[in-house]
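What follows is a short report on a single structure.
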Amino acid sequence: MKYCEVCGTLNLKDNNYCTHCGCRIAEENICPFCGKKNSDSSKFCINCNRQITPIAIDSLDDLFSDYNFSLLINSNFSLYDYVDILNRIFKKLDYIKITGKTAKEKILQVANVFTSVIPVSSGVAKGEYAIQYIFYDDRLDECFQISTIIHELAHFLLFDLAVNILSELFGVKASPALKSFVEYVFVDSQIQIMNEFYAHTVENRYIPIEFQRFNSYYKCVSDLGFSEEDCQVFIQLGSSYAQDIIHYLDKYIDENLRESIKLQFKIDMVEPKGNLTGVFDKELLDHDEKNKLFIGLMAFYFENLYNNKEAREELEHIKYKFED
C-alpha cells in the first residue's frame, strides 16, 4: 500500500494514480543493492548501474546488505499484503480438478500442485521436506502415507510463505539466495520447534483424533532440554500460522475427503498411538502480532549472518542445492 502525497489517500501499491484525487502517485524506485532512489521509469540504477526491475537477488553479498536489513527491521507488512500472498500461493489449486480414486491419490494431487512429492523406501523416517521436495516412505500403511504427505506439505507451505513475505519486503522475486536464507533459518533447532508444532497442527486437522500426535515437536523440545513454558511463544506462533494454512486447505481437503481419510485408517486397521499429552489450546496471535514476531525472527538471523563468514559458506552450499 502507498499514500497519495497530495490528498493522503491510501492506495494499492500497483496504483499509478490516486483513486480519490486522480493525481499521479510518486513512486520510490529504490535500488535494492545500493539504496539509491531512482526515477519511476528507471530500469537500471543511476548509482550502481544494476538492474532494478524486475529483479531477483542472485548473490548472498547482495542479499546481506544494510539496505535489506533496514527493510526488515522497519517493515510495514500489512494484513492486506499477507492475505494477498496467501491468495497467490493457493490460487494455483483453483486450476486443477482433483480426480484421484483414493484418499491418497487425492492428497498427492493437492501436494504435487505446490512441489514434487517423491516416494522413497530408505533414507527418511516416514517423510521429509527438503529443498522444495517432499519425500515419503511408501512402505507405510496408506493412512500414514497420507498423514505424512500432509505434514510435509505443511512444512513446504510455511517455507513458501516465508520466501514470499521476504520477497514482498525486499521488493524482489524469489531466488536461490533468498530461499537458502529461509532454509538456513528453518533448520535452526528453536525454529524447528515452531515449525514441527505447526506442521502437526495442520496434519491433525485431517486425521482421526485417536491418531493425532506431536512426535517431532516433542523430540525437538527434548533435544533442547526445554520445558513447556519455554515453548509457549513457539506454540502460539506455530498454531497461528497453522490456522491460516488450514483455512485455505479446507477448501480442497473438504469434508468428503476427510471422511475418506478416516475410512482409510479403519481399512488399514492400525493401532492408535496418539500422544496428545500437552495442553495446546493457546490463544492465537493476531495477524499483526504474528507477522511482526515472524519478521523479527528473520531480522535476528539476518543480522547474525551478516558478518558470519562460516555460516555464509554454509549458505552457499544450500544456495547451490536450490540452483541445481
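Nothing in this text is a laboratory measurement; each read-out follows from the coordinates by a stated rule. Note that this is a predicted model, so its numbers are computed, not measured. FYI the Cβ positions are ideal-geometry reconstructions off the backbone, even for glycines, and counts take in every protein chain you see.
Details
- Counting only alpha carbon atoms, the long axis of helix 255-268 and the longest principal axis of the chain meet at about 40°.
- In this label model, I246 and T99 are separated by 3.2 nm, measuring between points 7 Å along each Cα→Cβ vector.
- Once the Cα atoms are used to define both axes, helix 79-91 deviates from the longest principal axis of the chain by about 60 degrees.
- Extension gain for S121-Y133 works out to 2.8 nm (0.36 nm per residue, less the C-alpha to C-alpha distance).
- Three-way shape call for region 179-324 based on the alpha-carbon gyration tensor, with the a/c threshold at 1.5: prolate
- Too-long pairs where the Cα-Cα distance tops 24 Å, listed order kept, from K173/K219; K43/K319; K173/K319; K37/K173; K104/K251: K173/K219; K43/K319
- Rounded to whole Å, the principal axis extents of the Cα atoms in region 44-158 read 59, 32, 25, largest first.
- Under DSSP loop assignment and at most 12 Cβ neighbours within 10 Å, longest trypsin sites (Lys or Arg not before Pro)-free interval of the chain: 140-250
- Neighbour count of at most 16 Cβ within 10 Å plus DSSP loop: longest GluC sites (Glu not before Pro)-free window in the chain: 29-227
- The chain: angle of helix 103-114 to the longest principal axis, Cα-based, in degrees nearest 10: 20
- Normalised contact order of the chain, rounded percent, pairs of Cα under 8 Å and 6 or more residues apart: 17
- Scattering from the chain was approximated by placing one identical point on each alpha carbon and applying the Debye formula without solvent; log10 I(q)/I(0) at 0.09, 0.11, 0.12 1/Å stands at -0.54, -0.78, -0.91.
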